[in-house]
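Here the structure is laid out as structure tokens; the discussion comes afterwards.
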Amino acid sequence: MTTTTRIERHHYDVVVIGAGGAGLRAAIEARLAGKKTAIISKSLFGKAHTVMAEGGAAAAMGNVNSRDNWQVHFRDTMRGGKFLNNFRMAELHAKESPQRIWELETYGALFDRTKDGKISQRNFGGHEYPRLAHVGDRTGLELIRTLQQKIVSLQQEDQREFGSYDARIRVFSETTITELLLDGDRVAGAFGYYRESGEFILFEAPAVVLATGGVGRSYKVTSNSWEYTGDGHALALRAGATLINMEFLQFHPTGMVWPPSVKGILVTESVRGDGGVLKNSDGKRFMFDYVPDVFRKQYAETEEEADRWYTDPDNNRRPPELLPRDEVARAINSEVKAGRGSPAGGVFLDIASRRSADEIRRRLPSMYHQFKELADVDITAEPMEVGPTCHYVMGGVEVDPDSGAAFGHVRGLFAAGEVSGGMHGSNRLGGNSLSDLLVFGKRAGGHAASYADGLTARPKVAVHEVEAAVETALAPLQRDTGENPYTLQQDLQAVMGDLVGIIRREGELADALVRLAELRERVAKVSAAGGRRYNPGWHLALDLRNMLVVSECTAKAALERQESRGGHTREDYPAMEPKWRQVNLVCALDGDTVQLTRKPLPKMRPELIGLFDRAELAKYLTDEELADFDALVADAGEADNR
Amino acid sequence: MSGKRQFRIWRGDESGGDLQDYMVEVNEGEVVLDVIHRLQATDAPDLACRWNCKAGKCGSCSMEINGKPRLGCMTRMSTFGDDETVTVTPLRTFPVIRDLVTDVSFNYEKARETPAFAPPADVAPGDYRMQQVDVERSQEFRKCIECFLCQTVCHVIRDHEENKQAFSGPRYFIRAAELDMHPLDARTDRKEYAQAEQGLGFCNITKCCTEVCPEHIKITDNGIIPMKERVVDRRYDPLVWLGSKIFRRGETPQTSVTTARQGSATPGSARGGVHSHAGGSHDSRAETQAQSGVNWHREVPHPTAPAVDDRGKLPLTELTFDRAAAPSPFGDDVTFPLPPEHLNFAHPEQDNKH
């Protein structure tokens, strides 16, 4: 008899790992398809990181501007992602997000309204028309709560029909999956532990949907919660799936770096739009020194001109604080590295000395209240200390655009939301993440259900695999010679933040890979004090393994891609290179090591590429691609003439 | 203000435990949760504590700090005296799992028992039409981050395990209120349900829940009290009883804000605006002022015109009005004596001091 016989076992048709927007939407879909569905939540039900989303969910409903439609949304998404997006995902997303939003209303969501009673939509960076369905600045919370309550309502139906709330859909809260179990190349189940008790749990299921979110916890300054340790990315890799676009991380240039209580929290760009300026420790407004030649025509050269812009934008050029995010972040980085940073390692964002307290409170009410409440920082009285903060990972599991099924050599594995890659290309537009969760959550859940239907025999969980998983999970508790997991996490964060951060250089990336290899040795020997009951040190020790492998993917891909595009900025290759647009970098695991391969991007269908102007395409495409485009246009012209 | 500070943290599990003393470094600008994280990284790596967003948005890090239910991420160290000991204990109302982590499954069970939103049968997705003023009432309650501080502070269950069976708690009263006020919810028995199944009657409006709410939801004033009032109206009011015999329930012409529902996809905006000196005003600034204490210069809320029907008359008759006797000229939601902070009296001498 082995130890594995005492492990709690469950049989499900579909297991959804992750209980944020994508996971809950996938679970709803699988349950509606009649599948017995489990939702695994690392936190309590309804606490997922989706609640942090403020702006809204992008969907071309055309409620505010009737000229909006899916084609315009598609164009905006491709532009935002610098044409590296998987075009099919961007297309599906643009087409289906309105239905997904309307559907939420039937679950009980209450969005802000227009005058004629429709869902109101707001403007956002990169979106041509007002497009974001929103609820004040708490849209993510509304989305999570709505999906949570929909699941409850499905459970109530099951209670009436079968006498048990858990009959067909059950939430396992505070449960972490450490391993996917395979039968050959098919998913057979998932192994994990209850955080509360430390007891192990085994799910036998033919289909698994990953919806675990991002990787931000590998960075020192991040807006992400502890859950964001790249679990899904790592589980997929170890199960034989592939990751793409891992070099692309979205950093916001102005996250708070001080005080600690608000470290990482974003300071909205409108602070700069409303007059806030960036200063170094000498009190100098340094952005004037960092205007690149290509932007010089649009941006002011003197403080006087810049200050006139706020009231008279037609006759003056923009202040350089309003350069694109990556430029601002680069400038902040340079100032800090030159020793002119703030005490906490950022720079000063000053609006207090430039606008009256009343005006600041009126124009930036939520910023004012947030910092007042959380940090006792009065932004009307003192400057903020800000620096780049890790916000979102564009890269993730490489999936089939229509079904969300993972590529690589594994079947029965699906992914949706931030953990999947391709949809956002090299840079995500604000508002596209919430709609992404809904569109691809539904698709992944539905396709996981039909995959489970199509199986003739259930894959079997092998006993020895479970034994191995138990051993791996218990190892940190049984060692007492290794290092403290918190120290290792700090070291990992330091490597990633300092060497694979917002601005990257070849030498630093190579150095990072060496250090990550050293960390790998140390993480393999990590030890956790205490017992199995709700022991955060042990939990972190198990998460470290995932954070490490995902960090290796990011560092390797960042070293390989010799250009700057969206969320990947190389100081040594500052330009966007059309040849690199044709390439996705794909990570796979060979034994323990990350293997990187180049893969050509799928070619956009004619009717989709035809939505763009040639002048715009010229910025992104190679000459050969442009020639193809011209031929296409000529053909279409001839067809019209006939 | 950096330096070592004295912390007393409850360590233990369901079999027992006690407060343990820690001297821990505290830096300027930190909150209690930062200090707990530092303890985990140094002296107590296995100290159990829930947290997620660390920005007051997820409601995970609920704990009792110096006896008060708070969010760890929103309790600044600067609010304590320099040599004050900070005592952190788990939520008292729920069973301890370990250290600061409690078993909050009570709340999820009550959530499952509360009937879900019932979509209107004949409205297709995309055809929902609601007015902003109508959704705002429910939206206030949907701000809830489910930190369960209102649940832990509620004295009905805080020290009375035996009440838990029959009492859902403030979180689920506002859930019922939210659905009751939802312009398109197809169920009409939310209040009756709250009274009969959720134990609304146990609540005697001590307002502790409103006090601890980190989202500043007016749980009692805007959620519980309106629910209680309407339940009382329906149960005991002979005129409403008579009306309900003449008109079928749901077709009864309603005038009060919280029950105004046309039952169609396009309900009118708040027709019968409550005009009052107290909570019913739509002037949120005046309300905030009222909450922050006596303000002798407070402006009187703008009077709101009553809603009239097509003929320009008040839509009232004795038979259809929802309570006995004439309505109060001060508004139905005003009780006397008025709280002093709602008064607009300017004291001649105090005037000079300000």
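The values are calculated or read from the model by the stated rules, or taken from the named source; none is laboratory data. Since the model is a prediction, treat every value here as computed from it, not as a measurement. FYI the Cβ positions are ideal-geometry reconstructions off the backbone, even for glycines, and counts take in every protein chain you see. To get the accessible areas, we keep the full protein, side chains included, count just its heavy atoms, and leave off ligands, DNA and RNA. Shrake-Rupley method; radii C 1.70, N 1.55, O 1.52, S 1.80 Å.
Contact list please: Cβ distance under 9 Å, first residue in region A:101-129 and closer than 23 Å to B:C144 by Cα and at the interface with another protein chain (Cβ under 7 Å from one of its Cβ atoms), second residue among the aromatic types (F, W, Y) and open to solvent by less than 30 Å² (accessible area, probe 1.4 Å), pairs at least six apart or on different chains.
A:W102/B:Y128; A:E105/A:F111; A:E105/B:Y128; A:T106/B:F117; A:T106/B:Y128; A:Y107/B:F117; A:G108/B:F117
Being closer than 17 Å to A:L621 by Cβ and among the small types (G, A, S) is the filter here; which residues of region A:81-97 pass it?
The answer is A:G81, A:A90.
Within region A:2-85, considering only strands (runs of 3 or more DSSP E) that don't extend past its boundaries, which have at least 3 residues that are in contact (Cβ under 8 Å) with a residue 40 or more places away in the chain and crowded, with 24+ Cβ neighbours inside 10 Å?
A:14-17, A:37-40
Can you name the residue in region A:280-305 that is out of contact with any helix residue (DSSP H, G or I) (no Cβ under 7 Å at 6 or more places or on another chain) and open to solvent by less than 80 Å² (accessible area, probe 1.4 Å) and is also modelled with the lowest pLDDT among such residues?
A:F295
Does A:I151 count as β-branched (V, I, T), more than 23 Å from the chain's Cα centre (by Cα), under 21 Å from A:A53 (Cβ atoms) and more than 8 Å from chain B (Cβ to nearest Cβ)?
Spelling it out, A:I151 is indeed β-branched (V, I, T), more than 23 Å from the chain's Cα centre (by Cα), under 21 Å from A:A53 (Cβ atoms) and more than 8 Å from chain B (Cβ to nearest Cβ).
Sort out for me the strands (runs of 3 or more DSSP E) sitting completely within region A:174-262 that have 3 or more residues that are in contact with a strand residue (DSSP E or B) (Cβ under 9 Å, 6 or more places away or on another chain) and aliphatic (A, V, I, L, M).
A:175-183, A:186-194, A:207-210, A:249-258
The rows are residues; the columns are (1) open to solvent by 60 Å² or more (accessible area, probe 1.4 Å); (2) more than 30 Å from A:P206 (Cβ to Cβ); (3) modelled with pLDDT of 95 or more.
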site: A:M496; (1), (2), (3): no, yes, yes
site: A:E506; (1), (2), (3): yes, yes, yes
site: A:R515; (1), (2), (3): yes, yes, yes
site: A:V523; (1), (2), (3): no, yes, yes
site: A:G530; (1), (2), (3): no, yes, no
site: A:H539; (1), (2), (3): no, no, yes
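One line per residue, one yes/no per condition, for (1) among the acidic types (D, E); (2) open to solvent by less than 10 Å² (accessible area, probe 1.4 Å); (3) at pLDDT 95 or above:
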position: A:A239; (1), (2), (3): no, yes, yes
position: A:P259; (1), (2), (3): no, yes, no
position: A:G264; (1), (2), (3): no, yes, no
position: A:T268; (1), (2), (3): no, no, no
position: A:G275; (1), (2), (3): no, yes, no
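Check region A:86-100 and report whether any residue there is of a type in the set (F, W, Y), open to solvent by 10 Å² or more (accessible area, probe 1.4 Å) and away from chain B (no Cβ under 14 Å).
Yes - at least one qualifying residue is present in region A:86-100.
Please work out if A:P600 is outside the structural domain of A:M78 (by TED's automatic domain parsing), over 20 Å from A:D511 (Cβ atoms) and surrounded by fewer than 12 Cβ atoms within 10 Å (Cβ to Cβ).
In short, yes.
Tell me yes or no: at least one residue of region B:188-206 is in a loop (DSSP other than H, G, I, E, B), at the interface with another protein chain (Cβ under 9 Å from one of its Cβ atoms) and more than 27 Å from B:C73 (Cα to Cα).
No, that holds for no residue.
Just one of the numbered conditions (1) over 30 Å from B:Q165 (Cβ atoms); (2) more than 9 Å from every other protein chain (Cβ to nearest Cβ) is not true of B:G16; which one?
(1)
I'd like the full set of residues that are within 14 Å of chain B (Cβ to nearest Cβ), open to solvent by 50 Å² or more (accessible area, probe 1.4 Å) and in a helix (DSSP H, G or I), limited to region A:474-490.
Once the filter is applied, which keeps residues that are within 14 Å of chain B (Cβ to nearest Cβ), open to solvent by 50 Å² or more (accessible area, probe 1.4 Å) and in a helix (DSSP H, G or I), region A:474-490 yields A:T487, A:Q490.
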